[in-house]
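Enquirer: Pasting in a structure now, in structure tokens, and then I'll have a few things to ask.
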Amino acid sequence: IAIRQVDVLPNGPVPSVFGFATHEAFHLYVQPTWPIRPSSRNGQRALDYPLNPTPRLYRRLIFEGMLAALNGGEGLGAARYWLERWKQEFRAEAERIRFADTVEGTAEYVETLAYVYATLGTNPTPEEVRRVTLEQIRNSLDRRDRFAALDSESYPLGALAGLLLDTLRPDWKATLAG
């Protein structure tokens with residue numbers, strides 16, 4: 001289990017610790033049944049050297065497009081454009097990070113929702129869930145630069161993708177688990 005600093009948030013550390021513990025438990029108890037497995041091609045997280053900032057920019061633009069779409073804007077087309085461009089121009093990187101994008105991204109999605117429900121309690125409105133979810137994603141980005149390295153991008157991209165899929169394709173979780 002990875003250990004990281006738990007930020008003390010305005011409503012105390014419990015929701016943050018609960019979210020983090022849920023993230024790690026998701027790795028241990030849910031994901032081992034999934035058909036995706038790391039390999040020499042898709043299980044690496046290292047950056048290529050010399051560093052090229054372009055793929056980091058593309059992934060950040062994917063995130064910004066998804067965030068705009070989640071906020072009700074027209075960002076999904078832009079996110080798709082930057083995703084396809086990144087995959088075309090940086091094919092080897094896209095294949096290498098696929099495993100981390102899947103396992104860390106979905107675990108971050110679960111962590112985000114765990115935090116939200118620990119914060120809001122048992123019967124929040126959809127509007128409250130959306131508001132606190134977006135706050136949590138923004139806080140996560142503010143605490144560290146999540147788009148400075150390939151291996152840290154999987155977390156916010158996956159959390160945001162999961163939240164968008166909840167709206168656009170509610171059956172997505174069943175297809176992921178195989």
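Enquirer: Assuming R0 = 30 Å, what is the FRET efficiency of residue 64 and residue 34, from their Cβ-Cβ distance, to the nearest 0.05?
Expert: 0.60
Enquirer: Same structure, new question: Run the numbers for residue 25 and residue 135: contour at 0.36 nm per residue of separation, minus the present Cα-Cα distance, in nm.
Expert: Taking residue 25 through residue 135 to full extension adds about 37.3 nm, to one decimal.
Enquirer: Quick one: which of 69-77, 155-163 comes out on top by average Cβ neighbours within 10 Å, and what's the full order, highest first?
Expert: Going by the mean number of other Cβ atoms within 10 Å, highest first, we get 155-163, 69-77.
Enquirer: Show me the trypsin sites (Lys or Arg not before Pro) within the stretch 55-152 that DSSP assigns to loop and that have at most 16 other Cβ atoms within 10 Å of their Cβ.
Expert: 144
Only the coordinates and a few stated rules stand behind these numbers; no lab work does. As the structure is a computational prediction, the values presented were derived from the model and not from experiment. We place every Cβ from the backbone using ideal geometry, glycine too, and count neighbours over all the protein chains shown.
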